[in-house]
1. For a quick protection proxy, order the peptides 119-130, 134-145, 69-80 by their average other-Cβ count within 10 Å, most packed first.
2. Indicate the gyration tensor shape class of segment 53-200 (rounded, prolate or oblate), computed on the Cα atoms with a ≥ b ≥ c the square roots of the eigenvalues: a/c under 1.5 is rounded; otherwise a/b larger than b/c is prolate and the rest oblate.
3. Alpha carbon centre of segment 150-201 versus segment 102-146: separation in Å?
4. Under 8 Å for C-alpha pairs, at least 6 residues apart: give me the relative contact order for segment 69-181, rounded to a whole percent.
């Protein structure tokens, strides 16, 4: 009888050990799954930080007078997404503009009334905002289509300067909310000729 009772006690202890081991295994599996999910999310965010970028392909200055220009009033900055980049939301993309006489940071996107040059020019304010023209797209392009830059989009950032004289060092920077910034330094030519001046490349 004593042996039977002792055997039952051992069996109970054995079953209890199995249950404890099973619970521990479940907790371990849940922890591993959670860590794996966090690692995947971190990996995606890191990939986005590295791969997302607006690439500036050209910069043109618009002078104050086609016949006898003395300064550049507007910058037209052509950009597109780098290969493999995810779309960039313009509402969270800042521009910086620096010369010896003008230092403007935190310039934010001001969507124009429609997708035309005149409307875009009217929407940029010196020291405050820039606006964007979607090249190759109709004037009636919807507002929802002008919130972000996607693959195959070619856009033109417009910024109204306070007037850039000849032979001035300039730096323009585009910084998306997620991804790498794009900074382009250039120097304006010694003199201006005509309405448009090529500045970069």
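1. Working: 119-130: 17.6, 134-145: 11.4, 69-80: 19.5.
The packing order, highest mean first, is 69-80, 119-130, 134-145.
2. On the way: a/c = 1.80, a/b = 1.43, b/c = 1.26.
Verdict is prolate for segment 53-200.
3. Cα centroid of segment 150-201 versus Cα centroid of segment 102-146: 15 Å apart.
4. Values: 237 pairs, mean separation 45.7, N = 113.
With pairs under 8 Å counted, the relative contact order is 40 percent.
Read the figures in this text as sums done on the coordinates, not as results from a lab. For clarity, every value in this text was computed on a predicted model and none was experimentally measured. Because the Cβ atoms are built from the backbone with ideal geometry, glycine has one as well, and the counts that use them run over all protein chains shown.
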